1. Within 23 Å of the chain's Cα centre (by Cα), farther than 30 Å from Glu141 by Cβ and not assigned by TED's automatic domain parsing to the domain that holds Asp151: is that true of Val25 in this structure?
2. Need the failing condition index for Phe16 against (1) in a helix (DSSP H, G or I); (2) of a type outside the set (S, T, N, Q); (3) under 23 Å from the mean Cα position of the chain (by Cα), just the number.
3. Of Asp47, Asp71, Asp38, which residue is under 24 Å from Thr92 (Cα atoms) and outside the structural domain of Leu90 (by TED's automatic domain parsing)?
4. Of these, Pro89, Pro106, which one is outside any helix (DSSP H, G or I) and in contact with a helix residue (DSSP H, G or I) (Cβ under 7 Å, 6 or more places away or on another chain)?
5. Based on this model, can you work out whether Lys135 counts as modelled with pLDDT under 85 and either at negative phi or in a helix (DSSP H, G or I) (or both)?
6. Could you list, in sequence order, all residues of the range 20-74 that are loosely packed, with under 10 Cβ neighbours inside 10 Å, part of a loop (DSSP other than H, G, I, E, B) and not small (Gly, Ala, Ser)?
7. Please go through the range 95-115 and pick out each residue that is at pLDDT 80 or above and either touching a His at 6+ places or on another chain (Cβ under 7 Å) or surrounded by 15 or more Cβ atoms within 10 Å (Cβ to Cβ) (or both).
Amino acid sequence: MRFRDVEHLFRLAAIFLAGTLVFVVAKAEMRPKDFGKDGHYRPAAVDEIRARAISYAGQTACADCHSDVVDLRAQARHKAVACESCHGPLATHATAMSDGTEAAKPVRPDGRTLCVRCHAAKTGKPKRYPIVDIKEHAGDENCLSCHKPHDPRIS
């Protein structure tokens, strides 16, 4: 017994084979030449990353000039939060300060949008983590009108 309209199956098979061929050719063309040479990564990526300019200064660079803030944070709930987590990459600021050149002051982060990043109600946070419903807690007020950023107890 013969299938009716068997040519539809041949067309489907041809489309599937053409799609597979396009995928294989595109993968071969787009994949970097050194990918998979030493495992499932590109060895040249390490050199590319190393060639990028350093953008983060690190805690110790901040502590060199801002020891008062470090001392304040040492007793506060934010002691484990790195400076650049809130203030952004500061390598250019720290380098300029150590060279004695004119350093651009980093932009002071907006407390309302910054605090929400960590303290908005999201799933997956431990029960002891301070979670705040911003509209209910503060309305339209900025978090910094009641809380100090480095020591967030109510001021």
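The values are calculated or read from the model by the stated rules, or taken from the named source; none is laboratory data. Owing to the predicted nature of the structure, the values given are computational and were not obtained by experimental measurement. Cβ atoms come from the backbone with ideal geometry, glycine included; neighbour counts cover every protein chain shown.
1. It is false that Val25 is within 23 Å of the chain's Cα centre (by Cα), farther than 30 Å from Glu141 by Cβ and not assigned by TED's automatic domain parsing to the domain that holds Asp151.
2. The failed condition is (3).
3. Values: Asp71 fails: outside the structural domain of Leu90 (by TED's automatic domain parsing); Asp38 fails: under 24 Å from Thr92 (Cα atoms).
Only one candidate qualifies: Asp47.
4. Numbers: Pro89 fails: in contact with a helix residue (DSSP H, G or I) (Cβ under 7 Å, 6 or more places away or on another chain).
None of the others qualify; the one that does is Pro106.
5. Details: modelled with pLDDT under 85: yes; either at negative phi or in a helix (DSSP H, G or I) (or both): yes.
Yes.
6. Answer for the range 20-74, where residues must be loosely packed, with under 10 Cβ neighbours inside 10 Å, part of a loop (DSSP other than H, G, I, E, B) and not small (Gly, Ala, Ser): Lys33, Asp38, His40, Arg52.
7. Met97, Pro106, Pro109, Gly111, Arg112, Leu114, Cys115 - these are the residues of the range 95-115 that are at pLDDT 80 or above and either touching a His at 6+ places or on another chain (Cβ under 7 Å) or surrounded by 15 or more Cβ atoms within 10 Å (Cβ to Cβ) (or both).
Residue by residue, here is whether (1) over 30 Å from Thr60 (Cβ atoms); (2) small (Gly, Ala, Ser) holds:
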residue: Thr92; (1), (2): no, no
residue: Thr95; (1), (2): no, no
residue: Ala103; (1), (2): no, yes
residue: Arg128; (1), (2): no, no
residue: Glu136; (1), (2): yes, no
residue: Ser145; (1), (2): yes, yes
